[in-house]
Amino acid sequence: MLDLARLRALHAVAVHGSVSAAAIALGYTPSAVSQQIAKLERETRTTLLERQGRGIALTDAAQHLADTAQELLSIVERAETTLEERRGQPSGRLAIGAFASAARGLMPSVLAELATRHTGLDTRMIEVDPHLSPDLVTRGVIDLAVAHDWDISPLPAPDGVERAVIGDDPSDVLVPGDHPFAGRAVLRRADLTDQRWICQPPGSVCHDWLVRTLRASGHEPDLAYQVAEYHTQLALVAAGLGVALVPRLGRGPVPDGVVVVPLEPTPVRRLYALWRPGAARRPAITETVRILQEHWPHRTAG
């Protein structure tokens, strides 16, 4: 009899591409995941992982077993959903994926309320890029995702994913205190040319929005500093190295030497909760979405 926990570990490695990434997703240590795979290899008398350069790759047999594992995990999920639905109370394990600033600025209070109100619910969270969220939800790696998009970069909604709007997150331009923009009551998009920008790296939704917006006005942006963390961006602005466009969610206190200037029309990213249609019957999903929406208005006040 194949052990479901070991199949889950193999499936996670197949989805995430490495033992360490699978461990993060499952909430285990890499050693624990490796042990599960090793036991599965002994049980099946099959080599499942092989070295490929500095990483690992699944053998053909392992890939087949991982595909089967996904089917089994889907069956188990349906059974667990039915039981939870009959109880009428959020329970069981709920894996949530959230992008960085939502994980920092929204999720702590949401997770705390879930833990207080529903002691039978075991919530887990991993930080994921919003671009990856729909696929992770579809494949059952996570049960619910908190993702976002911008007006010119819509979030893809593949078949097999439902979503609800959590709220809109405005962004502002942050400039050094001695910058000519610091005394302005408001900025227009035409004002944003000829600036040295501090922004997120390529491939992020925020980076794509900034580049597309400035190019649409006929200017190639000067992206001088590209860093993922908004707190690092704030530090660079405070040092007088450039300007940044930063969403309010998760921004935290603005350091001394940094001035917040509104931009009109205001750039807004919209946050969504994503889940699989079959999971919509779970009280854990509906309750988490409700609490996300309930907490939202308190998180983006200027």
Going by amide H atoms built from the backbone, whose H comes under 5 Å of the H on Leu263, apart from near neighbours? Val173, Leu187
Once you have all Cα-Cα distances for the chain, histogram them in 20 Å bins from zero and send the whole-percent values. 30, 49, 20, 1
Around Arg196, which amide H atoms from residues at least 5 apart in sequence, or from another chain, sit under 5 Å from its own amide H, with H modelled in the peptide plane? Val243
Prolate/oblate/rounded label for segment 137-178 (Cα gyration tensor, a/c 1.5): prolate
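Full-extension gain between Phe181 and Asp168, please, as 0.36 nm times their residue separation minus the C-alpha to C-alpha distance. Walk me through the numbers on the way to the answer.
Numbers: separation 13, 0.36 × 13 = 4.68 nm, distance 2.52 nm.
So the extension gain works out to 2.2 nm.
Net charge within 14 Å of Gln226 by Cβ-Cβ distance, Lys/Arg positive one each and Asp/Glu negative one each, not counting Gln226 itself?
Working: positive: Arg196; negative: Asp208, Asp222, Glu229.
Combined, the nearby Lys, Arg, Asp and Glu give -2.
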Could you list which residues have their amide H under 5 Å from that of Ile126, counting only those 5 or more apart in sequence or on another chain, with H placed in the peptide plane? Ile96, Gly97, Ala98
For segment 76-125, averaging the sequence separation of alpha carbon pairs under 8 Å that lie six or more residues apart and dividing by its residue count, the contact order in percent is 47 percent
Segment 26-65 scanned against label point 7 Å out from Leu132 along Cα→C-beta; backbone N under 13 Å for 26
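Can you work out the accessible area per residue across segment 78-118, with the rest of the protein chains kept in place, probe 1.4 Å, in square angstrom? Display every interim value, and only then the final one.
On the way: 1930 Å² over 41 residues.
Dividing the accessible area of segment 78-118 by its residue count gives 47 Å².
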How large a share of the accessible area of the chain, in percent, is made up of carbon and sulfur atoms when the probe is 1.4 Å and the other protein chains stay in place? 51 percent
Relative contact order %, the chain, counting alpha carbon pairs below 8 Å whose residues are six or more apart: 22 percent
Mind checking the per residue accessible area of segment 1-70 for me, 1.4 Å probe, whole number of Å²? 57 Å²
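Roughly how many Å² is the accessible area per residue of segment 178-276, as a whole number, for a 1.4 Å probe?
Values: 4510 Å² over 99 residues.
Here the per-residue accessible area is 46 Å².
Which percentage, to the nearest 5, of the DSSP beta bridges contained in the chain is antiparallel?
That works out to approximately 60 percent antiparallel.
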Over the alpha carbons of segment 157-220, what is the largest minus smallest coordinate on each principal axis, giving the biggest first in Å? 50, 25, 20
Cα axis of helix 205-216 to longest principal axis of the chain: angle in degrees, 0 to 90, nearest 10? 40 degrees
Whole-Å distance linking the alpha carbon centroid of segment 196-242 with that of segment 34-77 is 41 Å
Points 7 angstrom from Cα along the Cβ direction at Thr193 and Met1: gap in nanometres? 7.1 nm
Quick check: from the Cα gyration tensor, does segment 179-302 come out rounded (a/c under 1.5), prolate or oblate? prolate
Can you give the translational diffusion coefficient of segment 65-205 in µm²/s, computed by Stokes-Einstein from the Kirkwood radius over Cα pairs at 20 °C and 1.002 mPa s? 116 µm²/s
Inter-probe distance in nm under a simple model that places probes 7 Å from Cα toward Cβ, at Glu229 and Leu72: 4.0 nm
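Output the relative contact order of segment 122-225, whole-number percent, from Cα pairs under 8 angstrom with separation of 6+ residues. Can you show the working numbers first?
Numbers: 77 pairs, mean separation 25.1, N = 104.
Computed value for segment 122-225: 24 percent relative contact order.
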Which distance in nm do the two modelled labels at Ala115 and Ser20 give, with both placed 7 Å along the Cα-to-Cβ direction? 2.7 nm
Going by a ≥ b ≥ c, the root eigenvalues of the Cα gyration tensor, does segment 42-136 fall in the rounded group (a/c under 1.5), the prolate group (a/b larger than b/c) or the oblate group? oblate
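The values are calculated or read from the model by the stated rules, or taken from the named source; none is laboratory data. All figures in this text were calculated on a predicted structure; none of them were measured in a lab. Cβ: placed from backbone, ideal geometry, glycine included. Neighbour counts: every protein chain shown. Quick note on the areas: whole protein, heavy atoms, side chains included, nothing else; ligands and nucleic acids left out. Shrake-Rupley method; radii C 1.70, N 1.55, O 1.52, S 1.80 Å.
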